[in-house]
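Read the structure below first, then the notes.
The values are calculated or read from the model by the stated rules, or taken from the named source; none is laboratory data. Not measured: the values here are computed from a predicted model. Positions of Cβ are backbone-derived with ideal geometry, glycine not excepted, and every protein chain shown enters the neighbour counts. Just so you know, the surface numbers come from the protein's heavy atoms only, side chains and all, with ligands and any DNA or RNA stripped out. Shrake-Rupley method; radii C 1.70, N 1.55, O 1.52, S 1.80 Å.
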Amino acid sequence: MVLAPEWLARREPRAAPPDDMRDDGDVDYARVIHSAAFRRLQGKTQILNLGDSDFYRTRLTHSLEVAQIAGGLVLQLARSAPDHPAAAALPSRSQIQAIACAHDLGHPPFGHGGEMALNYCMRDAGGFEGNGQTLRLLAQPGDALTEPGVTEAGVNLTRRSLLGVLKYPAPLSRLRNPALTPRLQDGLSVVRPIDTRASAPPKGYLDCEAEVVAWILSPLAPEDRDRFVQTMEMAGKHAKTLHKSLDCSIMDVADDIAYGVHDLEDAIALGLVTQAGFRAAIAGQDAEAFGGAEALAAGLFGPAATRKRLIGALVHHFISRVRLTEDAAFRAPLLRWRAGLGAGPQALLHALKAFVMAEVIRGAGVQQLEFKGQAMVVSVFEALQSDPERLLPAEWRRRYRDSGGAARILCDHIAGMTDTSLLRCYERLFAPRMGSVFDRL
């Protein structure tokens, strides 16, 4: 099984120097980790601004962990089943690491709370979704929308890497449930917070990137392409996409492992969860590989060295149980095969993720910060929108003019901010005693 050479094409042809020994995956990996958008992930926390500890993970360290796990998954699949029909279609280690390092580039400040806030701000201008913004960053001219004077097609990754990043292959307009229009809560007299249920975006790509997506999918046979972009209606919710590419499925499993295991490690180390709560969360799950649920709980909440050993064992447990599944309705190898976990490991991982979600992400400590972050994002967006010529930094003012005054440019500007830079911008605009003419914008 040999992949068509079109999957290694780039939107702008690359003339490699004669002494460049790298393959296309190596080039993609280098371009992602040297991009400005990747560097900015160090200022975006994985679990919203938990405190002053230098231990907790940022989006940058999370992305690096996802890349390391994704590389391990590819190696596991290649070595455990070398004669499998999908073996020749597996990505190189550098290619899957490029995809994994790129997967969170579009996430805005203040996590999913910031995502809802920007979707509300863009309610009449195409909406916003973090994965969709990732594709936009990778496709727009310049280094992730930050470097003036660059005309190359964004980071200019291969078509295969962009397909791997395309986690939800349908536009927001097709997925959106009209009953869930972003709005503010009613019935309050002093504050007007976002209605989070109505303002959570569907999972898809931005409609303005339809041309890029068409280019990514162009090598597919029409029947493969039509099936790949299918969606399913969900009662009372936005519609959802049904399919991912092989590379995207590997990245997705790695992302789930990093979230379920490493975010759990942060939560335990920072004292945000209890041993009793953890035992209850994994009751009934298959934890025999760790001596049973009781032993796993005792070890994770015990000495730091024991916890670190068990965290490593959990990661290995999930990596070693990855499997390939086939969807024979697809002809293209990159769509026909997908990676996933068996039922037992998947159930345990789901329990770990659900525990972190319930006890940390949805806890009042994080939700209060998310509430505040949403208000700051909306305030900054509307302030800039009120008088862009006056308030936007020079380079963004130029882009705004060039776009004909598109709200999408304001959205790009704010989505690219770190948590700290958004906070500083808010303080400059609204805090009487904060800000200086000498501040760097």
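Here are the numbers for the structure shown:
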item	result
Residue list for the range 117-154, filter: at pLDDT below 95 and among the β-branched types (Val, Ile, Thr)	146, 150, 151
Count of residues meeting criterion [over 22 Å from residue 338 (Cβ atoms) and outside any helix (DSSP H, G or I)] in the range 291-323	5
Criterion: without any contact (Cβ under 8 Å) to a residue 60 or more places away in the chain, over 21 Å from the mean Cα position of the chain (by Cα) and more than 27 Å from residue 74 (Cβ to Cβ) - qualifying residue of 328, 343, 313, 304	304
Boolean, residue 280 is open to solvent by 60 Å² or more (accessible area, probe 1.4 Å), over 30 Å from residue 410 (Cβ atoms) and over 22 Å from the mean Cα position of the chain (by Cα)	yes
Pick from the range 359-395, criterion free of Cβ contacts under 8 Å to residues at least 40 places away in the same chain and closer than 30 Å to residue 57 by Cα, ranking: surrounded by the fewest Cβ atoms within 10 Å (Cβ to Cβ)	364
Any chance residue 244 is open to solvent by 60 Å² or more (accessible area, probe 1.4 Å), under 28 Å from residue 95 (Cβ atoms) and in contact (Cβ under 8 Å) with a residue 60 or more places away in the chain	no
Conditions (1) crowded, with 16+ Cβ neighbours inside 10 Å; (2) at pLDDT 90 or above; (3) not hydroxyl-bearing (Ser, Thr, Tyr); number of the one not met by residue 59	(2)
Test for residue 427: is it over 26 Å from the mean Cα position of the chain (by Cα), open to solvent by 30 Å² or more (accessible area, probe 1.4 Å) and within 25 Å of residue 41 (Cβ to Cβ)	yes
Residue that is modelled with the highest pLDDT [pool: residues in the range 13-56 that are of a type in the set (Phe, Trp, Tyr) and more than 16 Å from residue 157 (Cβ to Cβ)]	56
So residue 107, is it closer than 25 Å to residue 337 by Cα, modelled with pLDDT under 95 and part of a loop (DSSP other than H, G, I, E, B)	no
Check on residue 342, modelled with pLDDT under 95, of a type outside the set (Ser, Thr, Tyr) and under 30 Å from residue 83 (Cβ atoms)	yes
Cβ-Cβ under 8 Å pairs, at least 6 apart or on other chains, the range 72-97 side open to solvent by 30 Å² or more (accessible area, probe 1.4 Å), far side in a loop (DSSP other than H, G, I, E, B) and at pLDDT 95 or above	76/320; 78/90
Residue 256 being in a helix (DSSP H, G or I) and closer than 29 Å to residue 7 by Cα	yes
Residue in the range 398-408 that is open to solvent by less than 70 Å² (accessible area, probe 1.4 Å), among the charged types (D, E, K, R) and at pLDDT 95 or above present	yes
The range 412-429 residues that are under 16 Å from residue 396 (Cβ atoms), paired with ones that are open to solvent by less than 30 Å² (accessible area, probe 1.4 Å) and small (Gly, Ala, Ser) (beta carbon under 6 Å, 6 or more apart)	418/43; 429/383
Single condition residue 188 does not satisfy, out of (1) without any contact (Cβ under 8 Å) to a residue 24 or more places away in the chain; (2) surrounded by 14 or more Cβ atoms within 10 Å (Cβ to Cβ); (3) of a type in the set (A, V, I, L, M, F, W, C)	(2)
